[in-house]
Amino acid sequence: MAHSSPLTLNQATYHRISSDAQGGSHVDTVTVEQSLVRAAPPAAPFYVSPDGLASHYRFYTFEPGWIGDWHPAPTRQFLALMTGAVEMETTDGTVRRFLPGDLVLLEDTSGRGHLTRNVGDGYATYFVVPVPVV
């Protein structure tokens, strides 16, 4: 997609769960810079980040009370929580609660991985986009 020159900068953030060389997992927050561009004329300018690679998507839905015991991510993937409330725990003891609108990049494809819990009263649904390792 072609963009005109940037007018101003903005930022978007997401959570990242990754593994270390010892097989442990950790969570941190990543900031992505965006530029205000005329990306879809004649629409008004809006903020756009650099392109990332992706080719397909899927949905994950967890039943109420579902617990995914310690496991590595099946692939590097972005998860955007659409409904429900989910907690993810990493091996360093960090527990993060995610609510609708939260975005997580799972990169802990080796080692012990993470633990996932549906902590809401209903179903939790993620929109999932597998992404290649960069």
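The values are calculated or read from the model by the stated rules, or taken from the named source; none is laboratory data. All values derive from a computational prediction rather than experimental measurement. Positions of Cβ are backbone-derived with ideal geometry, glycine not excepted, and every protein chain shown enters the neighbour counts.
State all residues of region 1-28 that are in contact with a strand residue (DSSP E or B) (Cβ under 9 Å, 6 or more places away or on another chain), modelled with pLDDT of 95 or more and not aliphatic (A, V, I, L, M); if no residue qualifies, say none.
Hits for region 1-28 are Y14, H15, R16, S18, S19, D20, G24, S25, H26, D28.
Looking at region 63-79, I want the residues that are within 25 Å of D121 (Cβ to Cβ) and modelled with pLDDT under 95 and have a partner that is of a type in the set (A, V, I, L, M, F, W, C) and not in a strand (DSSP E or B) with Cβ atoms under 7 Å, at least 6 apart or on another chain. Which pairs are those?
none
Out of R58, R38, R76, report the one residue that is of a type in the set (K, R) and either surrounded by fewer than 14 Cβ atoms within 10 Å (Cβ to Cβ) or touching a strand residue (DSSP E or B) at 6+ places or on another chain (Cβ under 6 Å) (or both).
Of the residues listed, the single one that is of a type in the set (K, R) and either surrounded by fewer than 14 Cβ atoms within 10 Å (Cβ to Cβ) or touching a strand residue (DSSP E or B) at 6+ places or on another chain (Cβ under 6 Å) (or both) is R58.
Is it fair to say E63 is over 29 Å from N10 (Cβ atoms) and within 15 Å of the chain's Cα centre (by Cα)?
For E63, the condition - over 29 Å from N10 (Cβ atoms) and within 15 Å of the chain's Cα centre (by Cα) - is not met.
Filter region 21-50 down to residues that are within 30 Å of G111 (Cβ to Cβ) and in contact with a His (Cβ under 7 Å, 6 or more places away or on another chain), then give me how many there are.
Residues meeting the conditions: 3.
Can you confirm whether region 119-133 contains a residue that is touching a residue at least 60 places away in the same chain (Cβ under 8 Å), surrounded by fewer than 18 Cβ atoms within 10 Å (Cβ to Cβ) and acidic (D, E)?
No, every residue in region 119-133 fails to be touching a residue at least 60 places away in the same chain (Cβ under 8 Å), surrounded by fewer than 18 Cβ atoms within 10 Å (Cβ to Cβ) and acidic (D, E).
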